[in-house]
Amino acid sequence: MMDMIIKNGKVVDGSGAPWYRGDIAIKDGKIVSIGKLQHEQAEKVILADGLIVAPGFIDVHSHDDLYVLENRLLDAKVRQGITTTIIGNCGFGLYPVVPERQKLFDEYATSLFGQPENGHMGFASLDDFYHQLERNGAAVNVGSLVAHGVLRIAVMGFENRKPTDDEMDQMKSLLRRELRSGAIGMSLGLIYAPGTYADTDELIKLSKVVAEEGGIITSHMRNESFRLLESIEEMLTIAREADVPLEISHLKATGVPNFGKGKEALHLIAAAKQEGVDVTFDQYPYPAGSTTAIVLMPPWSLEGGVQQLLARIRQEDTRQRIKRDMTNGIEGSTWEMMWEMIGWDNIMICAVETQRNKDCEGNSVQEMAISRNQDPIDFVLDLVDQEDGRIITILFQQDQADLEAIMVHDLQMFGSDGLPLKGKKAHPRLYGTYPRVLGTYVRDNQLLTLERAIFKMTHLPANRLGLMDRGLLRPGMAADITIFNADKVEDRSTYAIPDTKPEGIEMVIVNGSVVLQHGQFTDQYPGVPLRRQ
């Protein structure tokens, strides 16, 4: 007797092969058999006539680190058909935190994740984080990267310098410990302090540890605009020197002057792959991005942490230096002057912490600066000061032709890069990434076939991350399954009203348990921590 049989669905198995009609039998959280199973009996039978039955989607690039602890339902992800989320991206994470650096870590983490509900943030190790996750329960599976920014804070704080030999040994030791505990690899956030303070040599040395332990490195690169190609070259050099697999995070070319550069980036990456560099990249299917407002600040201003930044904003001589650098740039630096490339009118304030500035949410920096009779830079500095740096922005910055060229490339896979923001407006990618691909780019625009898109959402990321029992519908694989209506699936989230439920996702099954059925949650929490195999 099987636990469950899914009958007569159009099976898209994740391999990229054409769909076929079949049944899937599940027992003890695993797929047991696939085919015409008319003689098989089960406690639960799901009729999938006319529906697509696919592996559960894997969000290869999320920022659900705090979200998975505070919202075990993970409704924004489950409603999209996501059954596995990968955290610890862009150099941000919740471990390893050491007691003597707790305050600095809190400043760093809350700038992206927001204030935790219980007033505590951070864990000593991946094991500690996963133990808490298991105590809470979760509707989806969770895999994790070790965040380079957190490693650096644990050992060096926010020091803008090279590590000593002893400090390098300490970072290597912490990194190796977490990789041996099952972390998938290491993520870099080279646009954010303190990650931006690391030179290429430091990153190669740490990446060699990742290679020795069989992991992968992922990177939010130093620059995605004028120096995009240089930044890609740096990451390819690290991958070559360390002999480590590389995942380039949210590949794009930002700013109107760089429209078309995405195609140059693809040529550069493809050539490196041909030469033997193990490289892939991920992408969210929207022309706008989202990040913390702190990236608008020159890197030197963040030395010592966020509180030191605020002190510099309040002191006239350092404030004027910040303003000069934000106006003129820093000669020889890879620091990305985002406002210069896309304009203040294309930077929308997405979320703030305090009630005094709630009127900013949903408006551009340009609009708010005019309404407050301020220069845009002065407005931003005052807002960062008033909000303790806890501001999330949306940046309208990409060329649609570049976005589509990146999307169809063989080395591309999908990730939401969503920032869960409690009670605040988030980027619509948090709620609609996977339905958007299936509705807009598969069904409506026919940019990708259904089978190819699902391959990029399932088997490709599972294989890339070493999650070898997921991402395919095969006997013996974990029963993570998403069932959807290909004619109706679509995202309905917008920049103005982001938290709108997508349509067309009929059922989500995680480790053989139904967590979503006909839009209703079942109060099941079968998600598990995933450790690199």
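The values are calculated or read from the model by the stated rules, or taken from the named source; none is laboratory data. It should be emphasised that the depicted structure is a prediction, and the values quoted were computed from it without experimental measurement. Ideal geometry is used to build each Cβ from the backbone, glycine not excepted, and the neighbour counts take in all protein chains shown.
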Any chance you could count how many residues in region 372-385 are assigned to a loop (DSSP other than H, G, I, E, B) and either under 19 Å from His63 (Cβ atoms) or of a type in the set (Asp, Glu) (or both)?
-> 1
Only one of (1) at pLDDT 95 or above; (2) more than 23 Å from Phe281 (Cα to Cα); (3) not hydroxyl-bearing (Ser, Thr, Tyr) fails for Ile406. Which number is that?
-> (2)
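Restricting to region 409-429, name every residue that is at pLDDT below 95 and not charged (D, E, K, R).
Here is the first cut: in region 409-429, the residues at pLDDT below 95 are 418-428.
Matches in region 409-429: Gly418, Leu419, Pro420, Leu421, Gly423, Ala426, His427, Pro428.
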Quick one: count up the residues across region 198-232 that are among the acidic types (Asp, Glu) and in a loop (DSSP other than H, G, I, E, B).
-> 3
Select from region 4-18 the residues that are surrounded by fewer than 24 Cβ atoms within 10 Å (Cβ to Cβ) and either out of contact with any strand residue (DSSP E or B) (no Cβ under 6 Å at 6 or more places or on another chain) or at pLDDT below 95 (or both) and list them in ascending order.
-> Asn8, Ser15, Gly16, Ala17, Pro18
In this structure, does Arg152 turn out to be closer than 23 Å to Ser62 by Cβ, charged (D, E, K, R) and buried (at least 22 other Cβ atoms within 10 Å of the Cβ)?
-> yes
Do we find that Asn463 is at pLDDT 95 or above, of a type outside the set (A, V, I, L, M, F, W, C) and over 27 Å from Ser144 (Cα atoms) in this structure?
-> no
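Yes or no, residue by residue, for (1) surrounded by 24 or more Cβ atoms within 10 Å (Cβ to Cβ); (2) closer than 23 Å to Thr500 by Cα; (3) in contact (Cβ under 8 Å) with a residue 40 or more places away in the chain; (4) not β-branched (Val, Ile, Thr):
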residue: Asp64; (1), (2), (3), (4): yes, yes, yes, yes
residue: Asn71; (1), (2), (3), (4): no, yes, yes, yes
residue: Asp75; (1), (2), (3), (4): no, yes, yes, yes
residue: Arg79; (1), (2), (3), (4): no, yes, yes, yes
residue: Thr83; (1), (2), (3), (4): yes, yes, yes, no
residue: Gly93; (1), (2), (3), (4): yes, no, yes, yes
Residue count, region 324-353, condition at pLDDT 90 or above and part of a strand (DSSP E or B), comes to 3
Just one of the numbered conditions (1) of a type in the set (Asp, Glu); (2) in a loop (DSSP other than H, G, I, E, B); (3) free of Cβ contacts under 8 Å to residues at least 24 places away in the same chain is not true of Asp388; which one?
-> (3)
Within region 4-21, is even one residue over 26 Å from Lys456 (Cβ atoms) and among the small types (Gly, Ala, Ser)?
-> no
Number of the exception - Leu112 against (1) part of a helix (DSSP H, G or I); (2) without any contact (Cβ under 8 Å) to a residue 24 or more places away in the chain = (2)
The listed residue being closer than 27 Å to Gln524 by Cβ and out of contact with any Phe, Trp or Tyr (no Cβ under 6 Å at 6 or more places or on another chain), out of Pro163, Pro116, Pro99 | Pro116
What are the residues in region 410-420 that are touching a His at 6+ places or on another chain (Cβ under 9 Å) and in a loop (DSSP other than H, G, I, E, B), if any?
-> Gly415, Ser416, Asp417, Gly418, Leu419, Pro420
Considering every residue within region 391-414, establish whether at least one is at positive phi and surrounded by 21 or more Cβ atoms within 10 Å (Cβ to Cβ).
-> no
Of the numbered conditions (1) over 25 Å from Ala426 (Cα atoms); (2) in contact (Cβ under 8 Å) with a residue 24 or more places away in the chain; (3) outside any helix (DSSP H, G or I); (4) not assigned by TED's automatic domain parsing to the domain that holds His459, Val244 satisfies every one except a single condition; which is it?
-> (4)
Give region 339-373 a look and list any residue that's small (Gly, Ala, Ser), surrounded by 17 or more Cβ atoms within 10 Å (Cβ to Cβ) and farther than 16 Å from Ala426 by Cα, or say none.
-> Gly343, Ala369
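Residue-by-condition table, conditions (1) in contact (Cβ under 8 Å) with a residue 60 or more places away in the chain; (2) within 18 Å of Val514 (Cα to Cα):
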residue: Met2; (1), (2): no, yes
residue: Gly9; (1), (2): yes, yes
residue: Gly22; (1), (2): no, no
residue: Ala25; (1), (2): no, yes
residue: Val32; (1), (2): yes, yes
residue: Lys36; (1), (2): no, no
residue: Ala48; (1), (2): yes, yes
Criterion violated by Ala496 - all others in (1) modelled with pLDDT of 95 or more; (2) in a loop (DSSP other than H, G, I, E, B) satisfied = (1)
Just give me the residues in region 197-231 being surrounded by 23 or more Cβ atoms within 10 Å (Cβ to Cβ) and of a type in the set (Val, Ile, Thr), in sequence order.
-> Val210, Ile216, Ile217, Thr218
Residue check, Gln170 without any contact (Cβ under 8 Å) to a residue 24 or more places away in the chain, touching a helix residue (DSSP H, G or I) at 6+ places or on another chain (Cβ under 7 Å) and part of a helix (DSSP H, G or I) | yes
